[in-house]
Structure formats: structure tokens, C-alpha cells
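J.: Can you keep this structure in mind? I'll have questions shortly.
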Amino acid sequence: MKKEEIQEALDLAIRQVETNLPYFGEKFPAAATVNNLYPITENDDWTNGFYTGMCWLAYEETGNETFCKAAQSQVESFYQRILAHIVTDHHDMGFLYSPSCVAAYKLTKNERGREAALLAAQNLLGRFQEKGAFFQAWGPVGDPANYRLIIDSLLNMPLLFWASETTGDPIYRTQAARHIQTTLAHVVREDASTCHTFYFDPETGAPLKGVTQQGNRDGSIWARGQAWGIYGSALSYRILGDPSYLEIFRKVTDCFLQHLPKDQIPYWDFDFTDGSTEPRDSSSAAIAACGLLEMAGLLPEQEGKKYREMAANLIAALTENYLNRECIPGMGILLHGTYAKKSPYNGVQDSGVDECNLWGDYFYMEALTRLKHTWNPYW
């Protein structure tokens, strides 16, 4: 992408964020749109941090205090949420508190943001299972029916590394590193495809099986899960420096790229390709691009340039055919995402199919920001 194309796309995204601020007021967008308009909700889902993250990205790009004030107000909402433990019985504390409250502290030294993020990190720490050495994704801690991790969790670990950095307490870092080791040892298959969730024996901690929750079937490659693997392994390598995580990144990235259809934007599961009538998941391309750009800055120039070009190709494809250019209050930024698609083999109902979603919007903006200049991540 040319510099002016990156800037134009970023300006469009920021204009949509600005248009949405009075529309949502003190509340939040739902996880996914309905007919491309976000329902207005409370701060009670795993996705709300992405909305605040978009405000911070817009503030960083423009310096406009309107975005800063909106984000600061949302930080207070996140603080009250963790105090009251409103829908916090899951592992997604990083998705919630890294782009909202950690970002607030990094950008403005907001002490309320720091306090909220540390409470969230402590909440996540309580989900660590010694038997198996992982953070349990969902459900009551220790519940045998939910004694599992999911690949998305890799993006929740930076919250814990930040908590150790800011407090000096090594426990957060230690447990996050153990979880990453467990996750990457079990969710990455021999062919470098990934499974969505992985179960352990609650009595012994022994690894049991990898299954899907949102992919087409247990043995398929859920596109967003593979993208989480790309970004998650890149972040893990940046923080821990383990060369095996770099090798995993290379392999899961190659697998992702090899399965792309001609227009570069995945269907919701890689069981489907050109000619299929199944819906796309634009958000998986945005997530993968961020992971590619994260790793590009950690590698020697030639290899880094290769991954940067791959990311630019994905964002160019999204910008050409998937970017909302209407700027209507309540609309999303990145069209044609898929939150959850029902199949005969998975455990979900259709939700946010061929719609915008908050993480797709956020990671598209993050990728554009990374393409424009060197950026200090919230993760």
C-alpha cells in the first residue's frame, strides 16, 4: 500500500469512531453488528475493550482530546466492572483490559487504568490450573466440563507480562510463560494448523484432545484461530525470546497464507475456499496482519520485509473490498466478518455472520497504524 492509501483508510476508520462516540454515549457497542449497525449495550462482554482501544488509536493518530476524554470515561467503566466482577468468569481479561486500561496507563499515566488492569490480571491469575499448567478459558474454575484452554488465550497473556513489569512481582510472568508453553505445545498440529480448544484431564492434568468450538469441525482450521496463532506466537516471541516460538510463528503463518483464497481474505473456516458460498471472516485477516507486523520488527531486515509485505497485502485487500466507507452512526469499520457460524459439528449458533465485529474493526485500525509508523503496542 502507498502511504497515502494507508492514511486515507486510517482517516476513514477514525471518522467512523468519531461518528460513533455520541451514538453510544456512556454505553458500548455489542460484539457484532446487526445489518452493519452495532446494538447499544452495557460493558458486559469480552469484546468491549476493543471499542476503547479504537478510541486510543484515534487519539494517538490525531491528538484530538475528544477521543482521549471518551477513552478515559470508558476506563472508569472498566474499573467499576472489575470491582463488581461483572461477567469476569473467563480468561479474556487481556482482550478487555490491555487495549483499554493498559493503554490508558501507557499513554496518559492514568492510575485508575493501572489499578483496573492489575485487578484484571489478578482475576486472570486465579484461573490458572496447576494440573496441566494452563489458564482455564471458560466456566467455573475447575469445572471438569470446561477443563480446557483456547488458542485465543495467547492474546490475553501480555496483560500478565505487563503486570509483572509494573509491579515487580514475577508470578504473573511465570504463570503466563507456563501457559504459553502448554498452549503452543498442544494447539499446533503437526501440519502447523491449529485447533481451537484443548482439553486436559482435571484429575491428572494429562493432555486429552483438541476440539473446536467455533470452527467447522474438530479437524478443520478455524480461520480466526489460525490468526490468533500468528499474532499470539509473535507476541510470545517478542516477550520471551524463545526461538521455538519463532519457528512456530513461521509455520502457522505459512499454513495460513497457503490456505487463503485468491482475494486473500479467509472464509470463516479453511475447509472452504474459492467458489464456496460460505461467509468470509475479514477479522481473521486483520488479526494475522497485526501478527505479521509485530514479528516483522523483531527479525533481520530481509525476513522482516517479507512479513511486512504480506501484512500490507492483506490490509490492501481488506481496504479495497471490505472497508465501510459510508460513515453512518453506529456502523462498523470492517465489513464481512463472522463471529460464530453454526455447522453440524460445532457447538455454536449463528451470530454476527457477514457482519462487522469489534475486534475486526480494532485490529484493522491497529494494522494501519503499524503500517504507517513504528507503534508502541498496548499488548
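J.: Cross-link candidates for K106: which aspartates and glutamates have Cα within less than 19 Å, leaving aside residues fewer than 8 places away along the same chain?
T.: Counting by Cα, and skipping residues close in sequence, K106 has these aspartates and glutamates nearby: E60, E61, E65, E76, E115, E165, D169, E294, E366.
J.: Another question, if that's okay. Using the Cα gyration tensor of the stretch 203-344, with a ≥ b ≥ c the square roots of its eigenvalues, what is the shape: rounded (a/c below 1.5), prolate (a/b larger than b/c) or oblate (neither)?
T.: It is oblate, given that a/c is not under 1.5 and a/b is not larger than b/c.
J.: For the stretch 285-373, rounded, prolate or oblate, judged on the Cα gyration tensor with a ≥ b ≥ c (square roots of eigenvalues), a/c < 1.5 rounded, else prolate if a/b > b/c?
T.: Oblate shape, in that a/c is at least 1.5 and b/c is the bigger or equal ratio.
J.: Next question. Pull out a ≥ b ≥ c, the square roots of the eigenvalues of the alpha-carbon gyration tensor of the stretch 322-375, then state rounded if a/c is under 1.5, prolate if not and a/b is larger than b/c, and oblate in the remaining case.
T.: It is oblate, given that a/c is not under 1.5 and a/b is not larger than b/c.
J.: Between the alpha-carbon centers of the stretch 131-210 and the stretch 81-117, tell me the distance in whole angstrom.
T.: The stretch 131-210 and the stretch 81-117 have Cα centres spaced 20 Å from each other.
J.: Roughly to the nearest percent, how much of the accessible area of the chain is carbon and sulfur, given a 1.4 Å probe?
T.: Whole-percent figure for carbon plus sulfur exposure: 49.
J.: How about K342: which lysines have a C-alpha closer than 30 Å to its C-alpha, ignoring those fewer than 8 places off in the same chain?
T.: Correct list for K342: K27, K209, K251, K262.
J.: Oh, and also: Using a cut-off of 16 Å between alpha-carbon atoms, which lysines can reach K2, once sequence neighbours fewer than 8 places away in the same chain are excluded?
T.: Candidates past the 8-residue exclusion: K305, K372.
J.: Then there's this: For the chain, what is the charge dipole size about the Cα centre, in debye to the nearest 20, if Lys and Arg each add +1 at the Cβ and Asp and Glu each add -1 at the Cβ?
T.: 520 debye
J.: Quick one: ranking R238, R280, R325, R173 by accessible area, 1.4 Å probe, largest first, what do you get?
T.: Ranked list, largest accessible area first: R325, R173, R238, R280.
J.: Write out the GluC sites (Glu not before Pro) in the stretch 158-236 meeting two conditions: DSSP loop, and at most 14 other Cβ atoms within 10 Å of their Cβ.
T.: E190, E203
J.: Taking K and R as +1 and D and E as -1, what net charge do the other residues with C-beta under 13 Å from the C-beta of P39 add up to?
T.: My count for the surroundings of P39 gives -3.
J.: While we're looking at this one, here's another question. Which residues' amide hydrogens lie under 5 Å from the amide hydrogen of W138, considering only partners 5 or more residues apart or on another chain, with H built in the peptide plane?
T.: R148
J.: From the protein chains alone at 1.4 Å, what is the descending order of accessible area for K69, K341, largest first?
T.: Result of the area sort, largest leading: K69, K341.
J.: Accessible area per residue for the chain in Å², computed with a 1.4 Å probe and the full protein assembly in place, what is it?
T.: Computed with neighbouring chains in place, this is 38 Å² per residue.
J.: Go through C327, C255 and list them by solvent-accessible area, largest first, probe radius 1.4 Å.
T.: If we order C327, C255 from most to least accessible, we get C327, C255.
J.: Which residue fluctuates most in the GNM of the chain (Cα springs below 10 Å): G219, G94, G25?
T.: Among G219, G94, G25, the largest mean-square fluctuation in the Gaussian network model of the chain belongs to G25.
The values are calculated or read from the model by the stated rules, or taken from the named source; none is laboratory data. Remember, it's a predicted structure, so these values are computed and weren't measured experimentally. No Cβ is skipped: glycine too gets one built from the backbone with ideal geometry, and neighbour counts run over all protein chains shown. Side chains are part of the model used for accessible areas, which takes the heavy atoms of the whole protein and leaves out ligands, DNA and RNA. Shrake-Rupley method; radii C 1.70, N 1.55, O 1.52, S 1.80 Å.
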